[in-house]
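Report on one structure; see the data block that follows.
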Amino acid sequence: MRGPKGESAYSVLSQVTDQNKYAFDQNCRVAAIMLASQLRLAESGARLSINFMPGAVYSPAACIQLTLATARKCGFPVDRLIFEITENERVKDKAHLRSIVEEYRRQGFKVALDDFGSGYSELNLLVDLPIDYLKLDIDLVKNVHQRPSALLIVKSIVALTKALGMEMLAEGVETFEEFETLRDCGVRLMQGYLFAKPAFEKLPPVSWPEESSTQRVESSAVQMDYTAA
């Protein structure tokens, strides 16, 4: 996301208010799906991740209709869509959030909890929500090979997600040492500058740290990540 003259994403997001949040969220979803369809993203085997704030969803069943209609119109398969819960503010209504997650999964979407391990992300959300993916925050990933405490936490979270039947995805992987350490911990999905750098309205080239089919991170982990709100 950028402003009309190339301004930062923050310059756009800072203009989002409680009054325009819903319309902004809906328009971003439509734009992301249309662009992903034009770029033939689904044909590459990748998934489209769309961040959303629960506060922008007043009725899960009603608010998802435009998303479904756009996906059908563009021929974009709904099972290639992941909705990421962003925790910019503490969740005040967990029952409402659960209803959103349950409706999205009922429609065939996957759901991820973003930035786990920072901000307001809470362990008890894992108890209350049927999440498909847990995205490990970059602060735990950074230099994990040099930080014994962070490494221990990552190993614990990997074990926890496996026990809960979730997939863990590590964000912000920038060095081969981070990649190797995370892989050895059992992390199967990763994203970060080591694999590809962000590109505006196009698919960036992807490079792999190694080509061994038995050890490399799955290609499905490389996602086009659009922010809806």
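The values are calculated or read from the model by the stated rules, or taken from the named source; none is laboratory data. In this text the structure is predicted, and so the values were computed from the model without any measurement. All Cβ positions, even for glycine, are placed from backbone atoms using ideal geometry, and neighbour counts span all protein chains on display.
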Select from region 37-52 the residues that are within 25 Å of LEU97 (Cβ to Cβ) and either surrounded by fewer than 12 Cβ atoms within 10 Å (Cβ to Cβ) or at pLDDT 90 or above (or both) and list them in ascending order. ARG47, LEU48, SER49, ILE50
Hits in region 172-193 (condition: assigned to a helix (DSSP H, G or I) and of a type in the set (Asp, Glu)): GLU177, GLU178, GLU180, ASP184
Take region 163-213 and flag every residue that is small (Gly, Ala, Ser), in contact (Cβ under 8 Å) with a residue 24 or more places away in the chain and farther than 27 Å from MET1 by Cα. GLY186
Might you let me know whether region 98-107 holds any residue that is farther than 23 Å from GLN191 by Cβ, touching a residue at least 12 places away in the same chain (Cβ under 8 Å) and of a type in the set (Lys, Arg)? yes
Condition first: surrounded by 13 or more Cβ atoms within 10 Å (Cβ to Cβ) and either over 16 Å from ASN51 (Cβ atoms) or hydrophobic (A, V, I, L, M, F, W, C) (or both). Now tell me which residues in region 21-30 satisfy that. PHE24, CYS28, VAL30
Would you be able to say whether some residue in region 115-131 is assigned to a helix (DSSP H, G or I), more than 19 Å from SER49 (Cβ to Cβ) and polar (S, T, N, Q)? yes
Just need a number here: residues in region 57-77 that are touching a helix residue (DSSP H, G or I) at 6+ places or on another chain (Cβ under 8 Å) and farther than 15 Å from GLU102 by Cβ. 10
Given (1) crowded, with 16+ Cβ neighbours inside 10 Å; (2) within 19 Å of TYR104 (Cα to Cα); (3) at pLDDT 90 or above; (4) among the hydrophobic types (A, V, I, L, M, F, W, C), number of the condition LEU66 does not satisfy: (1)
Restricting attention to region 132-151, report how many residues are in contact with a Gly (Cβ under 8 Å, 6 or more places away or on another chain) and part of a helix (DSSP H, G or I). 4
